[in-house]
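The values are calculated or read from the model by the stated rules, or taken from the named source; none is laboratory data. As the structure is a prediction and not an experimental result, all values here were calculated from the model. Note: ideal-geometry Cβ built from the backbone for every residue, glycine included; neighbour counts use all protein chains shown.
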Amino acid sequence: MKSLRLMSLLMEYPTQDLVNEREALLELAGSINLKARLRDDLQGFIDQRTGDDLMDWQAEYDSLFERGRSLSLLLFEHVHGESRDRGQAMVDLMEQYKQAGLEIDAKELPDYLPLYLEFLSTQGPDNARAGLQEVEHILVLLAARLKERECNYAVLFEALLHWCGARVSIDDVREQVAGEPRDDTPEALDEVWEEEMVTFGPDSKSDACSTTNKPESGQRRDLEQVLNIVDPQRAQKH
């Protein structure tokens, strides 16, 4: 689905190649099935981001998604944190990718949201919606936090939630996160670095997550199995 591919591209680290596709991105955003306000906001996001200085965009991206955990694009950060349960979840997710007939070659971990969206875009509309609904509790959390920071990246998550018919209100979650302490301050980051590093898989830092080829559009569109992303509330009970 072109909407999921667009969101995947826009959530990736911004590059000059992405900026060069400005007109194509705007045209694609105008053609996907969204309510008018979201479509306008999405086109506004593309217009503003691709029109600004690329290095400024990259710096803001780093400060949002790669500093602290609250806005991490790694799905299991919001479910397991750095517990050892995350390692097994990584292995399970990779196995489900393989069962779908996909061989992935990417530096990102398998729970990296843009990669997950790219995968869902190959699985047909019903399965893609089901896959998004499995992570809607994470998407709405990220949308609420971005809105609290008055950041227009929130529209990407709003669009995904609208597309999959999410049952959770961003406004309700926004009330819950309004008083959260920031985790991207120097003090908060120092605490993170002091924690013990957890490896994924039995042997090395990244062996269990190394992959070979990204999903392509023709792969297993009829797949009936959706990915099993654990709800944080269920994970906390264990």
Are any residues in the range 1-46 of a type in the set (Ser, Thr, Tyr), under 21 Å from the mean Cα position of the chain (by Cα) and assigned to a helix (DSSP H, G or I), and if so, which ones?
Ser3, Ser8
Does at least one position in the range 106-127 carry a residue that is farther than 25 Å from Leu146 by Cβ, of a type outside the set (Asp, Glu), assigned to a helix (DSSP H, G or I) and modelled with pLDDT of 90 or more?
yes
Hey, Gln133 modelled with pLDDT under 80 and surrounded by fewer than 19 Cβ atoms within 10 Å (Cβ to Cβ) or not:
no
In the range 137-151, is there at least one residue being charged (D, E, K, R), under 19 Å from Leu6 (Cα atoms) and surrounded by 18 or more Cβ atoms within 10 Å (Cβ to Cβ)?
no
Is at least one residue of the range 48-61 buried (at least 20 other Cβ atoms within 10 Å of the Cβ), in contact (Cβ under 8 Å) with a residue 24 or more places away in the chain and either part of a helix (DSSP H, G or I) or of a type in the set (A, V, I, L, M, F, W, C) (or both)?
yes
Would you check if Arg49 is at pLDDT 95 or above, touching a Ser or Thr at 6+ places or on another chain (Cβ under 6 Å) and not small (Gly, Ala, Ser)?
no
Filter the range 99-152 down to residues that are within 17 Å of Val173 (Cα to Cα) and touching a helix residue (DSSP H, G or I) at 6+ places or on another chain (Cβ under 9 Å), then give me how many there are.
17
Given the structure, is Leu71 crowded, with 19+ Cβ neighbours inside 10 Å and under 21 Å from Met1 (Cβ atoms)?
no
